[in-house]
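Here, each number is a calculation from the coordinates, and none is a lab measurement. The model shown is predicted, which means the values in this text are computed figures rather than measured ones. Reconstructed Cβ throughout: ideal geometry from the backbone, glycine too, with neighbour counts over all protein chains shown.
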Amino acid sequence: MLKTRIIPTLLWKNFGLVKGEGFDSWRRVGTVLPAIKVYNTRDVDELILVDICATQEGREPDYESIAEFSCECFIPLTIGGGIQNLDHITRLLHTGADKITINTAAYTNPSLIYEAANRFGSQCVVVSIDVRRTPAGGYECYSHSGSSPTGRDPISWARQVELLGAGEILLTSVERDGTMRGYDLEVVAAVSSAVRIPVIASGGAGNYAHMADVITSGASAIAAASIFHFTEQTPLAAKHFLRTHGVHVRPEYHPSAGSSPAPSLPPLNLQSA
């Protein structure tokens, strides 16, 4: 049985990390490299780092900075932002990214999903699906950091990206993002039941119970940001909680430490890292 992963999300804007609500990321929460070093010690399973300005500014990923980050990251690292073609993906993987995540480019050029999966394997291709509720009570996919409606239904789009070769889906509720009010369980359940590939739920985690709820709704992994930036809740404690509620999670120790549990650590504080 696949184990549930805990995946912090880092939003990279210009020279630092930011967080806000509803994709309005304005609040500074630290810098990238110290945050990566902190998470290296915090029993997380993977990291997602997204350059939220690259696509809006029409530029390529910052390969030089990403190479520096990947050299200090000892857990699987997914990179997103500014990816438009296969060359960008190739360069990111060569700089040390383990996976890439694409959103806007997937809508404008769906064949990019197939090309990347065919060349590098589905396991490194994550398609990001950002959704908003419609006035009629349904959902619509958005591109360009949640600002542009695409007219696509997330269930049919999820099925399409799976057929094209995506290995995972990063599903984010724009309205729940940064609110810490809980995940949108309805859309997670609908998309998870429509595809066979893992769905990473994102947007709304405020406590460990929210994480357990979204796993029960069908998510294979949990992405979270504000809960770790702004509260004393930690990935390690999240794993303890989930295990006691019957969720299979990865062990809470590092290979270099043998079979002994990792020592207790203080809450995350990325701003002073």
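Here the contact order of the range 5-254, divided by its residue count and restricted to Cα pairs under 8 Å and six or more residues apart, works out to 17 percent.
Distance between the 7 Å Cα→Cβ label points at residue 216 and residue 144: 4.0 nm.
Please give me, ordered by residue number, the trypsin sites (Lys or Arg not before Pro) of the range 73-159 that lie in loop per DSSP and have at most 10 other Cβ atoms within 10 Å. All intermediate terms of the calculation are to be shown ahead of the outcome.
On the way: sites: 91, 99, 119, 132, 133, 152, 159; in loops: 152.
Answer in residue order: no site qualifies.
Using a/c under 1.5 as the rounded threshold, could you call the range 6-153 rounded, prolate or oblate? The axes a ≥ b ≥ c are square roots of the C-alpha gyration tensor eigenvalues, and prolate needs a/b larger than b/c, oblate otherwise. Because a/c hits 1.5 or more and a/b fails to exceed b/c, the range 6-153 counts as oblate. Here residue 3 is the anchor, and the lysines within straight C-alpha reach of less than 20 Å, apart from those fewer than 8 places off in the same chain, are 99, 239.
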